[in-house]
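J.: Below you'll find the structure I mean.
Every number here is computed from the coordinates shown, using simple stated rules; none is lab data. These numbers were taken from a predicted model, which means no experiment stands behind them. In this analysis, Cβ positions are derived from the backbone assuming ideal geometry, glycine residues included, and neighbour counts consider all displayed protein chains.
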Ligand SMILES: Nc1ncnc2c1ncn2[C@@H]1O[C@H](COP(=O)(O)OP(=O)(O)O)[C@@H](O)[C@H]1O
Ligand SMILES: [Mg+2]
């Protein structure tokens, strides 16, 4: 299951992503955590100290390796140089799985230990610069994440959780369509819900499952406000957490000690994420991938690479979980 946390800066994306990741890890299910936020803080929120967080490899710096690996022997992709962030997989491409060892994880992922002997794989885009925020950036750091998501074959009960910025980049490239569930973190303020309205607008045409998660909610009035603004899209709310505060002070408490109301809210998130599996449609997923690739090819990719990137689309390819082997008749 691919799950994104989006929202305004400071709303609590990183905090809630990290809590959700801990919640999943505590249930001993496989999780890959991806830090694609402008401010790279997911490692710290998962308990890495400054030096450890700074030593995380940057996916953005490994784009050539990622492209070369994913391209595999796909005859439609002549070289890694002509592979852009939206280039879809086709026959011959290498696909990624949540649980496996591959050169992409070897180069880009690090194992972060959590409570009780549990751990997660963490990947980070690397720090953003001004030029990363452009719409059509060839070397886009988030593009590394998008390529991985576009080549990922994940099933129920295994999770990729992405802490993500809700910026123009993800709308232009189609990154925002790559998730089974998008949690929009909103504080009970006008600014908090304005990002929700914008996202909803983009999401409408693409069948995106979007739920609002209130954060730093202090009372019924806050809940009522979010309910008025988001209606049934409001899934659940988190209150102020002393546990999070202690974490911020560099005194990480055991995850078990998180406030019980916040533990419950995490359970609600997981149930909503799991329920989204029913709505998964690999054909639509592949179609949207192709749609955004053609758009990006035309608007900048063809000019930038000097190739006809539309030819990269393998018309008969559908990304998807492998079918269970059919028993042979005796
Ligand atoms: N529920 C919460 N309780 C206490 N502090 C919180 C809570 N949610 C977020 N914070 C704090 O608010 C600040 C911004 O949160 P963060 O997760 O970094 O936001 P974002 O990733 O959306 O920019 C951080 O200092 C974080 O510790
Ligand atoms: Mg953040």
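J.: Roughly how large, in nm² to one decimal, is the mean projection of the convex hull of the alpha-carbon atoms in segment 207-330?
T.: Mean orientational projected area (segment 207-330, Cα hull): 15.2 nm².
J.: Hey, another quick one. Return 86, 165 ranked ascending by Cβ neighbour count within 10 Å, so the fewest neighbours appear first.
T.: Going from least to most buried by this count: 165, 86.
J.: Let me ask something else about it. Rg over Rh of segment 1-96, using C-alpha atoms and the Kirkwood radius, what does it come to?
T.: Ratio value, two decimals: 1.05.
J.: For the peptides 211-222, 29-40, what is the packing order when you average, over each peptide's residues, the other Cβ atoms within 10 Å and list the highest mean first?
T.: 29-40, 211-222
J.: Just for segment 2-312, what percent of DSSP beta bridges are antiparallel, to the closest 5?
T.: Counting DSSP beta bridges with both partners in segment 2-312, the antiparallel share is about 15 percent.
J.: Here is a further query. How do 201-210, 245-254 rank on mean C-beta neighbours within 10 Å, highest first?
T.: Packing proxy ranking, top to bottom: 201-210, 245-254.
J.: Arranged by the count of other C-beta atoms within 10 angstrom, fewest first, what order do 122, 63, 257 take?
T.: In increasing order of surrounding Cβ atoms, one gets 257, 63, 122.
J.: Could you order the peptides 282-290, 142-150 from most to least packed, using the average number of other C-beta atoms within 10 Å per residue?
T.: Those peptides, ordered most packed to least, come out 142-150, 282-290.
J.: Would you calculate the volume per residue, in Å³, of the smallest convex hull containing every Cα atom of segment 188-280?
T.: 121 Å³
J.: Can I ask one more? Give me 200, 8 ranked fewest to most by other Cβ atoms within 10 Å of their Cβ, as a rough exposure proxy.
T.: 200, 8
J.: For the chain, how big is the tail of P(r) above 31 Å, as a whole percent of Cα pairs?
T.: Roughly 30 percent, once rounded to a whole number.
J.: Considering the convex hull of the alpha carbon atoms of segment 143-198, report its projected area averaged over all viewing directions, in nm², one decimal.
T.: Result: 4.5 nm².
J.: Next question. Cα axis of helix 220-230 to longest principal axis of the chain: angle in degrees, 0 to 90, nearest 10?
T.: Helix 220-230 and the main axis of the chain meet at about 20 degrees.
J.: Normalising by the residue count of segment 2-312, find the relative contact order in percent from Cα pairs under 8 Å and 6+ residues apart.
T.: The normalised contact order for segment 2-312 reaches 25 percent.
J.: Still on this model: At 222 nm, what value in deg cm²/dmol follows for the chain if DSSP H runs of at least 4 each add -39500 (n - 2.57) and the sum is divided by all its residues, to the nearest 500?
T.: Counting only the DSSP helices, I get -10500 deg cm²/dmol.
J.: What angle, in degrees between 0 and 90 and rounded to the nearest 10, separates the Cα long axis of helix 141-150 from the longest principal axis of the Cα atoms of the chain?
T.: The helix 141-150 is inclined about 70 degrees to the chain.
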